[in-house]
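Here's the structure we're looking at; comments come further down.
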Amino acid sequence: MNPYVIFIMLTSLGLGTTITFASSHWLLAWMGLEINTLAIIPLMAQHHHPRAVEATTKYFLTQATAAALMLFTTTSNAWITGQWEIQQLSHPMLTTITILALGLKVGLAPMHFWLPEVLQGLDLTTGLILSTWQKLAPMALIYQLSAGVEQPLMITLGVMSALVGGWGGLNQTQLRKILAYSSIAHMGWMMIVMKYLPNLMIMNLTIYIIMTSSAFMALKMTTATKINTLATGWTKAPILTALTMATMLSLGGLPPLTGFMPKWMILQELTKQDLPLIATIMAMTALLSLFFYLRLCYAMTLTISPNTNNAKTPWRLKSKQMTMPLSITMVLTAMMLPVTPAVMAMTT
């Protein structure tokens, strides 16, 4: 694709998210989400592969459905109350439908079915944008609405997403689908704490973006898309393989890695709110997710690749990828747990 076209698309992506961030009017927020969707579609379809085109079509249909639903609820709210401000969405049923529409945008269970399929059809760079940047604008709107949303809805969405994200990834061999289910589970953790401590959700989202960026860039460096390809990585880059293992364990939430921090603080907050059963269920779903991260770690660091591996041999191809962003995100993914007290001071 022409570099000028890519520049325009990436600028439009940034513009769409910024408009949604800055808006207090529902029409402007909707417009930002639409610019965002339309800007990423050419990036998704740029390889003209049938799977990429199929993924793009699925993504467009789900995002258009969610945007139309959101426009319907907000227009209905303006019709009933005469208010267009984001904070003034007061009708309970309209608030619920809007949260579900935004949940469809980010891939919360039970509206998650499009996400693994779409991510599987994309290359790792576009998959990275879809898993990180595209979550920001809808999460900003959910953050603003969270005070007026019913508690059972947020808990249901959170627990279902964490369960689906854990269960769905168990049987997968494709790395992009595993990362898609990982994304669903992390979104569930964010939703569960949104009602009680919204700033903790922002901290969790930030750490999720750092960890996911690290995982995608590491996989792009080794050109791995399947679990069995991971076993060939140690011959080319043993240090990168070891750090990728740390990234996967951090995504799973093991101490002393960064990923443990948000899970620990969310479980602590749920316990403070007298929700021990929900906290226990969430901790159990984290074990489900941890199982498939451990599968990846086992395949990556404890097995030798079979001679009949039919994947492209990555150690004969020199990667053209920049290593500085990967280095920064990997250090942050592995070593941020000691700054937990500072983070707690910022979020509470």
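The values are calculated or read from the model by the stated rules, or taken from the named source; none is laboratory data. This structure is a prediction, so every number in the text was calculated from the model and none was measured. Cβ placement follows ideal geometry from the backbone for every residue including glycine, while neighbour counts extend to all protein chains displayed. Note: areas computed on protein heavy atoms with side chains; ligands, DNA, RNA excluded. Shrake-Rupley method; radii C 1.70, N 1.55, O 1.52, S 1.80 Å.
Worth pointing out:
- Relative pair counts by distance (%), Cα atoms of segment 1-146, 10 Å bins: 12, 43, 31, 12, 2
- The charge dipole of segment 1-146, taken about its Cα centre with unit charges on the Cβ of Lys, Arg, Asp and Glu (plus for the first two, minus for the last two), comes to roughly 80 debye.
- C-alpha long axis of helix 26-45 to longest principal axis of the chain, angle in °: 20 degrees
- Spin-label model, Ile6 to Asp123: label points 7 Å out along the Cα-to-beta-carbon direction sit 0.8 nm apart.
- Note on surface exposure: Phe72, Phe113 rank Phe113, Phe72 by accessible area, highest first, 1.4 Å probe.
- Using the Cβ-Cβ distance between Leu15 and Leu302 with R0 set to 30 Å, the FRET efficiency works out to roughly 0.10.
- In a simple Cβ point-charge model (Lys, Arg +1; Asp, Glu -1; nothing else charged), the chain has a dipole of about 1120 debye relative to its Cα centre.
- 0 to 90° range, to nearest 10: angle between helix 133-145 axis and the chain longest Cα axis: 30 degrees
- Look at the alpha carbon pairs under 8 Å that are at least 6 residues apart: their mean separation over the length of segment 1-146 gives a relative contact order of 26 percent.
- Tyr293, Tyr196, reordered so the largest accessible area comes first (probe 1.4 Å): Tyr196, Tyr293
- Charge-dipole axis of the chain as Lys and Arg at +1 and Asp and Glu at -1 on Cβ define it, positive-most pick from Gln151, Ser214, Phe260: Ser214
- Between Ile41 and Gln151, the modelled label-to-label distance comes to 4.2 nm, taking each label 7 Å out from Cα in the direction of the beta carbon.
- Projecting the Cα positions of Ala64, Leu15, Leu179 onto the charge dipole of the chain (unit charges on Cβ atoms of Lys, Arg, Asp and Glu, taken about the Cα centre) puts Leu179 furthest along the positive direction.
- Most to least packed among 330-338, 50-58 [average Cβ atoms within 10 Å]: 330-338, 50-58
- Each stretch of four or more DSSP H residues adds -39500 (n - 2.57); spread over every residue of the chain, this sum gives -24500 deg cm²/dmol at 222 nm.
- For the pair Glu85 and Phe113 in one chain, pulling the backbone fully straight at 0.36 nm per residue adds 7.0 nm over the alpha carbon distance.
- Within the accessible area of the chain, the carbon and sulfur atoms contribute 71%, probe 1.4 Å, all protein chains present.
- When each of Lys226/Lys320; Lys105/Lys236; Lys58/Lys195; Lys58/Lys320; Lys177/Lys236; Lys105/Lys177 is checked by Cα-Cα distance, pairs over 28 Å: Lys105/Lys236; Lys58/Lys195; Lys58/Lys320
- Seen against the Cα atoms of the chain and their longest principal axis, helix 3-22 is set at about 40 degrees.
- Whole-number accessible area per residue in Å² for segment 1-146, which is evaluated in the context of all protein chains at 1.4 Å: 44 Å²
- The value for the chain of Rg(Cα) / (2.2 N^0.38 Å) is 0.98.
- The chain: relative contact order in percent, alpha carbon pairs under 8 Å with at least 6 residues between: 15 percent
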